[in-house]
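The values are calculated or read from the model by the stated rules, or taken from the named source; none is laboratory data. None of the values given here were measured: they were computed from a predicted structure. Neighbour counts are summed over all protein chains in view; Cβ atoms, including those assigned to glycine, are modelled from backbone coordinates with ideal geometry. Heads up: the accessible areas ignore ligands, DNA and RNA and are worked out on the full protein's heavy atoms, side chains in. Shrake-Rupley method; radii C 1.70, N 1.55, O 1.52, S 1.80 Å.
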Amino acid sequence: MARAAFLVWVLSVILATTNLAQGLGVNWGTLSSHLLPPKKVVQMLKDNGIKKVKLFDAEPSTLNALAGSGIQVMVGIPNDKLEKLADSYSEAQEWVKENVTKWLHDGGVSISNVGVGNEPYLTSYNGTYVKTTYPALKNIQKALDESGAGDKVKATVPFNADVYESSSNKPSDGCFRKDIKNNMVEILRHLRDSKAPFVVNIYPFLSLYQNANFPQEFAFFEGSSKPVRDNNIEYKNVFDANCDTLINALKKEGFGNMEILIGEVGWPTDGDKNANIKNAKKFYDGLLKKLGKEEGTPLRRGKIEVYLFGLFDEDQKSVAPGDFERHWGIFRYDGQPKFPMDLSGKGSGNQMLKAVQGVEYLDKQWCVLNSHVKNLSQTQAELNYACAESDCTSLGTGRSCNLDQQGNASYAFNIYFQTRDQDVRACDFNGMATITKSNPSVGDCLFPVQIVSAGASRHGAVGAAYALSIFAGLLWMMI
Ligand SMILES: *[C@@H]1O[C@H](CO)[C@@H](O)[C@H](O)[C@H]1NC(C)=O
Ligand SMILES: *[C@@H]1O[C@H](CO)[C@@H](O)[C@H](O)[C@H]1NC(C)=O
Ligand SMILES: *[C@@H]1O[C@H](CO)[C@@H](O)[C@H](O)[C@H]1NC(C)=O
Ligand SMILES: *[C@@H]1O[C@H](CO)[C@@H](O)[C@H](O)[C@H]1NC(C)=O
């Protein structure tokens, strides 16, 4: 090979492998009635060059699929396990043995972190996990250390951004919430000593959702006509302001240099007037561009490690925080990207988000309201039943399916039918329903055909707790 050609080749290999925005990872949640096969998901991660993934548990099926992939993994411990792990060191040893060290062999899983609990100090939990989180964290790290994995695997706690607040709207007034401050300082000391990162989830969408006066543009990254001035710094987006509020809170306790990792950030696409594809695309375009430039935040320039939330829509999450909860995916339920996304953040278009390949669907058929039904008031009870058993959060004004009464009934009948794997008995509704081969989808409103499930979610029970976690008490009260 001629030398010039060789250099071009080397250069293209280097460019091809470093295209992804630095520090980019994804959250992989599994609270879905129909799960994509984990191996196909892992192949998709590889196809996209994604090298980091965060889980909410340590399911063997997921870890098996990740084995040998080289993808760096944060496994998770659900909040309802914290008490046991806090009370018993041998439980912690068992957990580490079964869910970490067992996987660390050659060709196994590259586990980098254990997330102990998930947003355990959320105000909506009323302090339920405040006594157990720190002891559980200590026990897990000690078990990691004693197993010999402690150098490579660091235990941490994925916190919600409501562990800190600002008395004004300025990041420089950032400090940890009073009710948990002492406890936080103990955790911070532990994280520093074990060289573990501080993990925090940041949701600009919730700023908008929870505060009608929140300036829309401040939730995105396109500049703001009303920036927040804080000493010499101008904040033009809530993401930067939120990160720097944390940095100031850390500084005040003497941990100003602590490594910070953004455990979750994203934008939902349905279930609320601000949750749509247009806003999500705008948010991700801005976020990825920012990551691509490695500009960091005003107080900490450079690369930030960020895990997007999340991969797929999850139709079994609790909607207690809001109907948007089931629509956080950058992919639909079936592994199709919802909108084009340039993962390089450079606008070059050669690192566009790629779909999950080889997805198997059920038959191309739908369950709809039979056109013979004239008395529509009778459909309501059937709709209520269908929607209690499946996911109707796309229905309504300002959402993807703003339908008339017939449309609503058909949507509900179909979603129930699909959730039940197209069982013909699930398309009856007192004789009001019928199966059709013609796609009833209209405009943006998708009447889905379900996928062949790789197994139902095993986490129905913890679903509510995990979903509630998104319910951030947002510190960022604007003018
Ligand atoms: C390991 O993790 C799995 C999945 O999260 C859990 O079901 C199991 O109980 C854990 N093992 C131990 C010994 O706690
Ligand atoms: C927290 O307290 C509120 C008000 O007392 C209650 O409605 C809610 O159910 C509690 N939540 C939890 C998780 O205990
Ligand atoms: C339509 O159904 C409702 C509820 O079953 C019933 O009360 C009503 O009388 C029906 N209307 C007609 C015109 O049949
Ligand atoms: C359709 O269902 C949505 C969600 O329940 C509701 O908000 C809307 O009013 C319904 N539309 C009609 C015409 O009944």
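Note down the nm distance, to one decimal, between modelled labels 7 Å out along Cα→Cβ at residue 168 and at residue 372.
The answer from the label model is 7.1 nm.
State the extension gain, in nm to one decimal, for the chain segment bounded by residue 123 and residue 278, taking 0.36 nm per residue of separation less the distance between their alpha-carbons.
Going from the current span to full extension adds 52.7 nm.
I'd like the FRET efficiency for residue 102 and residue 195, computed as 1/(1 + (r/R0)^6) with the beta carbon distance as r and R0 of 22 Å, rounded to 0.05.
0.40
With a cut-off of 8 Å between alpha carbons and a minimum separation of six or more residues, what is the relative contact order of the chain in percent?
Relative contact order, the chain: 19 percent.
Pairs of Cα atoms under 8 Å, at least six residues apart: use those to get the relative contact order of the stretch 366-436, whole percent.
After rounding, I find 48 percent.
Where does the chain land at 222 nm, in deg cm²/dmol rounded to the nearest 500, when only DSSP H runs of n ≥ 4 count, each adding -39500 (n - 2.57), divided by all residues?
Calculated at 222 nm, the ellipticity per residue is -10000 deg cm²/dmol.
On the accessible surface of the chain, probed at 1.4 Å, how many percent belong to carbon and sulfur atoms?
It is 49 percent, rounded to a whole number.
Could you list, in their original order, any pairs among 236/290; 273/374; 51/152; 142/251; 84/181; 273/364 whose Cα atoms are separated by more than 20 Å?
From 236/290; 273/374; 51/152; 142/251; 84/181; 273/364, over 20 Å: 273/374; 142/251; 84/181; 273/364.
Pop the C-beta distance of residue 300 and residue 252 into the FRET formula with R0 = 22 Å and round what comes out to the nearest 0.05.
For residue 300 and residue 252, the calculated efficiency is 0.90.
What FRET efficiency comes out for the pair residue 39/residue 430, r = Cβ-Cβ distance, R0 = 41 Å, nearest 0.05?
Given R0 = 41 Å and the Cβ-Cβ separation, E is 0.50.
With every protein chain present, what accessible area does residue 415 have (1.4 Å probe, heavy atoms only), rounded to the nearest 10 Å²?
Accessible surface of residue 415 is approximately 20 Å².
Would you rank 264, 217 by solvent-accessible area, highest first, keeping every protein chain in place and using a 1.4 Å probe?
Output order, biggest surface exposure first: 217, 264.
Work out how far the C-alpha atoms of the stretch 366-436 reach from end to end along every principal axis, then list the three figures in whole Å, largest first.
Extents along the principal axes, in whole Å: 32, 28, 20.
Using a 7 Å offset from the Cα along the Cα-to-Cβ direction at both residue 361 and residue 384, what is the distance between the two label points in nm, to one decimal?
Spacing of the two 7 Å Cα→Cβ label points: 3.3 nm.
For residue 61 and residue 217 in the same chain, what is the full-extension length gain: residue separation times 0.36 nm, less their Cα-Cα distance, in nm?
52.0 nm
In nm, what is the difference between 0.36 nm times the number of residues separating residue 225 and residue 423 and their Cα-Cα distance?
65.9 nm
How far apart, in nm, are two points set 7 Å out from the Cα along the Cα-to-Cβ line at residue 94 and at residue 146?
Rounded to a tenth, the inter-label distance reads 1.4 nm.
May I ask you to rank 301, 425, 192, 332 by accessible area, largest first, using a 1.4 Å probe over the protein chains only?
My answer, sorted largest first, is 425, 301, 192, 332.
Decide, for the chain, between rounded, prolate and oblate: order the square roots of the alpha carbon gyration tensor eigenvalues as a ≥ b ≥ c, take rounded if a/c falls under 1.5, and otherwise choose prolate if a/b is larger than b/c, else oblate.
In terms of gyration-tensor shape, rounded.
May I ask you to give the solvent-accessible area per residue for the stretch 366-436, in square angstrom, as obtained with a 1.4 angstrom probe?
48
Might you list the cysteines of the chain that have no disulfide-compatible partner by the rule of another cysteine's Cβ under 4.7 Å?
Isolated Cys, the chain: 175, 243.
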